[in-house]
Amino acid sequence: MLQLQRDVSLRDFNTFGLPASARYVVTIDSEAALLEALAMPELAGVPRLVLGGGSNVVLTRDFDGVVFRMAIRGRERLADDVHARYVRGGAGEVWHDFVDWALAQGCAGLENLALIPGTLGAAPIQNIGAYGLELAERLAHVRALDTTTGAFVTLSREECAFGYRDSCFKHEPGRYIIVAVTLRLPQPWQPVTGYADVARTLAEAGIDRPSARQIFDAVVDIRRRKLPDPAELGNAGSFFKNPVVDAATFAALRERSPQAVGYAQPDGSWKVAAGWLIDQCGWRGKSLGKAGVHERQALVLVNRGGASGADIVALARAVQASVQERFGIRLDPEPLML
């Protein structure tokens, strides 16, 4: 029998550590529990929010609805085929722990995504990515409940309609509740070491032919050096997407600022480093009230202690305005604002 909690604080359920509460909270630890929760008479017509690790949300107010806390666990190595190894996990699995486990199973291919906060079920929604790799490149399919039909469905990578930090789950919010994710890890394994920080860290360690575990360790080292631990300083990781601009816009940016950091895209556009833009506007290490921009990484907004969701939003808007005024480039936030 599911326990429906009432008037629950969400401070510990979001990595910013923001104060908010929910009218109801229910923990979902199985597909059966999910169906049972959806059938509860008390929850009929009540707004619903699905939370994994709470690492991609800014809570600006109390939530007058029900929070589904996804806690479906389980890890499984599936049968290999000639081209790939397959692993599957429950939506409530901690992403970083799952990456570590997959490596221990001899299944390489996720190491560049080590230490990204959040859960396995949330990863496809955001199409998480880092250090030269996106989840879309490794996803086989997801299992989800389609709330419009009440049936469980399997969505292929193509059906997930992935884009840069984007997916079908963002375009139809609330329709699908992910319960499991299956990943396809190509074999033979090929290291992804083109990202400058990764290449530099490996070179400094004297590693010229890295193993997957060595790349994993390098990425963990980089992230721990550059990014604050949410357990010590509330944050949601990278707060803004890297803006994508056309070639003419980037050429004009480079003409004005020769040191502008950007990455050429296959379609001819350029992805501009949002952290560089913010840094150039002088925000690194600065604060606005109890919210601030991290000292080591300008892309990360932090709760310096006692910040509200409104404080984080106010800082984000001020940063956006600065970048827009100086460079004419719009920054879009990654987290969901509620």
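Here is a check on your reading of the model: is Lys286 under 30 Å from Val50 (Cβ atoms), open to solvent by 20 Å² or more (accessible area, probe 1.4 Å) and without any contact (Cβ under 8 Å) to a residue 24 or more places away in the chain?
Answer is no for this residue.
Consider region 73-116. How many of its residues are open to solvent by less than 40 Å² (accessible area, probe 1.4 Å), in a loop (DSSP other than H, G, I, E, B) and under 12 Å from Leu185 (Cβ atoms)?
The number of residues fulfilling the criteria is 4.
Considering only residues that are open to solvent by less than 60 Å² (accessible area, probe 1.4 Å) and not in a loop (DSSP other than H, G, I, E, B), which ones fall in region 322-338?
Those that are open to solvent by less than 60 Å² (accessible area, probe 1.4 Å) and not in a loop (DSSP other than H, G, I, E, B): Ser322, Val323, Phe327, Pro333.
Restricting attention to strands (runs of 3 or more DSSP E) lying wholly within region 252-297, give those where 2 or more residues are closer than 16 Å to Ile312 by Cβ and in the same structural domain as Ser308 (by the TED database).
Per the criteria, 291-293.
All but one of (1) touching a Lys or Arg at 6+ places or on another chain (Cβ under 6 Å); (2) within 24 Å of Ala22 (Cβ to Cβ); (3) of a type outside the set (Gly, Ala, Ser) hold for Gln297; which doesn't?
Going through the list (1) touching a Lys or Arg at 6+ places or on another chain (Cβ under 6 Å); (2) within 24 Å of Ala22 (Cβ to Cβ); (3) of a type outside the set (Gly, Ala, Ser), Gln297 breaks only (2).
So that you can scan it fast, the table gives a plain yes or no per residue for (1) surrounded by fewer than 21 Cβ atoms within 10 Å (Cβ to Cβ); (2) at pLDDT below 95; (3) farther than 30 Å from Gly65 by Cα:
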{"residue": "Leu139", "(1), (2), (3)": "no, no, yes"}
{"residue": "Val142", "(1), (2), (3)": "no, no, no"}
{"residue": "Glu158", "(1), (2), (3)": "yes, no, yes"}
{"residue": "Arg184", "(1), (2), (3)": "yes, no, yes"}
{"residue": "Trp189", "(1), (2), (3)": "yes, no, yes"}
{"residue": "Tyr195", "(1), (2), (3)": "yes, yes, yes"}
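Which numbered condition in (1) open to solvent by 50 Å² or more (accessible area, probe 1.4 Å); (2) in a strand (DSSP E or B) is the only one that Leu301 fails?
(1)
Those residues that are more than 21 Å from the chain's Cα centre (by Cα) and either of a type in the set (A, V, I, L, M, F, W, C) or part of a loop (DSSP other than H, G, I, E, B) (or both), I need them from region 311-321; list them, please.
Ala314, Ala318, Ala321
May I ask you to list the residues in region 10-65 that are among the acidic types (Asp, Glu), free of Cβ contacts under 8 Å to residues at least 60 places away in the same chain and either crowded, with 22+ Cβ neighbours inside 10 Å or assigned to a loop (DSSP other than H, G, I, E, B) (or both)?
Answer for region 10-65, where residues must be among the acidic types (Asp, Glu), free of Cβ contacts under 8 Å to residues at least 60 places away in the same chain and either crowded, with 22+ Cβ neighbours inside 10 Å or assigned to a loop (DSSP other than H, G, I, E, B) (or both): just Asp62.
The values are calculated or read from the model by the stated rules, or taken from the named source; none is laboratory data. Everything numeric here is computed off the predicted structure, so don't read it as measured data. Neighbour counts are summed over all protein chains in view; Cβ atoms, including those assigned to glycine, are modelled from backbone coordinates with ideal geometry. Only protein heavy atoms, including side chains, enter the accessible area calculation; ligands, DNA and RNA are left aside. Shrake-Rupley method; radii C 1.70, N 1.55, O 1.52, S 1.80 Å.
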